[in-house]
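Each value in this text was obtained by applying a stated rule to the coordinates, not by laboratory testing. Since this is a predicted model, take the numbers as computed values, not measurements. Positions of Cβ are generated from backbone atoms using ideal geometry, with glycine treated the same way; all protein chains shown enter the neighbour counts.
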Amino acid sequence: MISVVIPTLNEEIALPATLVSLLDQDCDFEAIVVDGGSSDRTPAIVEDAAASHPAVRLLVADRSRARQMNAAAAEALGDWLLFLHADTVLPERSLSRIANLPATVAAGCFRHRFSGNSPMLRSLSWLHNRRFHVTRVIYGDQAMFVRRSLFRRLGGFPATDMEDIAFSLALRSVTRPIMLSQPVITDARKFDQMGRWRALTHAVALLVRFRLGLNVSRDRFFGDYR
């Protein structure tokens, strides 16, 4: 079984499409939506989904994507953990492809694509995917999956605003993550609201600061873009 962990905070707009893409999968799974204290209809949307699909359940945890995902992972029952952002849509049969991976594969992600038809964002996704093949570092919007035993052995996500990169650096030291060819599609709302080139420049600067060990908490890139 695959445990799909979805951290949420005020995601009433994006979450329904993400849940639809998940509930259409043809594989045995559980979905743990872990909320960080939403003030909108996010919990109600999850409860409605759970009423129709017993595999879905709502968990509440302290606000922080790392803490939320760690809390859900601690209760997960699946052999695989798939960490899915609330604004990212899974492709068809994606869970089956994870379930059928050979025992030699311990972690991986999906090819990434932004929603919409922006040439700039399509180019960014292409670079995003090429970067993975060079660095083997997985970003959160690529829908990271990892065997539960390995996730727990590595201690879960560190308590940082860039928990995906921090965990990936530890992950690649013990295994070689793979990328599945199907694309997950991430809502381009942040780039649309910030301005695409401004958001891109800001994201690159943020990564540089993180790699230099500088404080990135409370950066405006982590703001509420809904």
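What is the distance in Å between the Cα centres of the stretch 7-64 and the stretch 119-165? Result: 21 Å between the Cα centres. For residue 11, the residues 5 or more places off, or on other chains, whose built amide H falls under 5 Å of its own are 42. The string of couplings for the stretch 115-127 from the Karplus curve (6.51, -1.76, 1.60, θ = phi - 60°) is 5, x, 10, 5, x, 5, 6, 5, 5, 5, 4, 4, 5 Hz, one whole number per residue in order, with x for Gly and Pro.
Extension gain for residue 176 to residue 152 (0.36 nm times residue separation, less C-alpha to C-alpha distance): 6.9 nm.
What's the FRET efficiency of residue 133 with residue 50 using the Cβ-Cβ distance as r and R₀ = 45 Å, to the nearest 0.05?
It comes to 0.75.
Amide H contacts of residue 4: 30, 31, 32, 82, each under 5 Å away and 5 or more positions distant or on a separate chain (H built 1.01 Å from N in the peptide plane; Pro and chain starts excluded). Once the Cβ-Cβ distance of residue 169 and residue 77 is raised to the sixth power relative to R0 = 22 Å, the FRET efficiency obtained is 0.20. Considering only 13, 54, 23, and ranking their Cα positions along the charge dipole of the stretch 5-63 that arises from unit charges at the beta-carbon of Lys, Arg, Asp and Glu, the one farthest toward the positive end is 13.
Using the Cα centre of the stretch 69-169 as the reference point, and only Cβ charges (+1 on K/R, -1 on D/E), how large is the resulting charge dipole? Debye, rounded to the nearest 20.
Values: 12 positive and 8 negative charges, 95 e Å.
Approximately 460 debye in magnitude.
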